[in-house]
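Q: Can you read through this structure? Questions will come right after.
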Amino acid sequence: MTRTPDGHYLVAGRRTAYGDLAQPSGGDWGGWLYKFTEQGDSLWSRADNAPAPHVPGGEFAYGGVGILSSGSVVAGGLGTLSTQFVGWVVKVTADGCMDTVFCAAVGAGEPPSRVLDASLLSIAPNPARATVSLALEGEAVGDRPVRFSIHNLLGQEVWSARSASGREEVWLSGWPAGAYIARAESARGVAARVFVKE
């Protein structure tokens, strides 16, 4: 849950085609954004799939959100397409209307056995300016070094490192402003979230 500059709250997660928690046939999972007031009154809600022809299958969701200085919201999801991970990012206006969409494969090869809950990957601060700290939490680290990577909106890896502690600090000096997908892969699986560099 993220507090927005206008004093409200935004939650990112997942939805199914049937609106329940049971996995529907065909793996029709999607990202879900919900904005509400401090009193819990709904302001807007939206559910999005990755854009065609790259609609991921399997379990996926928005892994996080960033609020731009304009008030626009950037959210990203992760899914699989054949044997590739597909990261996708959407930008919506402060009132929940679609602004831009992007989808690209951000890695190739056999997917790990498990997609971890995105909340296990912490990113702070978000939005970031000079540095951003990445940390894979608790049991998700596993028994081998964690491979952290960051991808731009073209799906290109722009940074990577391995960490036995499951924590890394990334210097962002010289990086263009915009949304990035941070990814952590451990022996337990993979988690990904979106962050914004101002």
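Q: Do you know which residues across the stretch 48-78 are surrounded by fewer than 21 Cβ atoms within 10 Å (Cβ to Cβ), modelled with pLDDT of 70 or more and over 12 Å from residue 92 (Cβ atoms)?
A: Across the stretch 48-78, the qualifying residue is only 69.
Q: Would you point out the residue of the stretch 154-182, among those that are over 17 Å from the mean Cα position of the chain (by Cα) and in contact (Cβ under 8 Å) with a residue 40 or more places away in the chain, that is nearest to residue 89 (Cα to Cα)?
A: The qualifying residue nearest to residue 89 (Cα to Cα) is 172.
Q: Of all residues in the stretch 105-133 being over 16 Å from residue 12 (Cα atoms) and either of a type in the set (Asp, Glu) or under 13 Å from the mean Cα position of the chain (by Cα) (or both), which is modelled with the lowest pLDDT?
A: Filtering first and then ranking leaves 106.
Conditions (1) touching a helix residue (DSSP H, G or I) at 6+ places or on another chain (Cβ under 6 Å); (2) surrounded by 12 or more Cβ atoms within 10 Å (Cβ to Cβ); (3) touching a residue at least 24 places away in the same chain (Cβ under 8 Å); (4) of a type in the set (A, V, I, L, M), marked per residue:
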{"residue": "117", "(1), (2), (3), (4)": "no, yes, yes, no"}
{"residue": "123", "(1), (2), (3), (4)": "no, yes, yes, yes"}
{"residue": "133", "(1), (2), (3), (4)": "no, yes, yes, no"}
{"residue": "138", "(1), (2), (3), (4)": "no, no, no, no"}
{"residue": "141", "(1), (2), (3), (4)": "no, yes, yes, yes"}
{"residue": "152", "(1), (2), (3), (4)": "no, yes, yes, no"}
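The values are calculated or read from the model by the stated rules, or taken from the named source; none is laboratory data. This is a predicted model, so every value here is computed, not measured. Ideal geometry is used to build each Cβ from the backbone, glycine not excepted, and the neighbour counts take in all protein chains shown.
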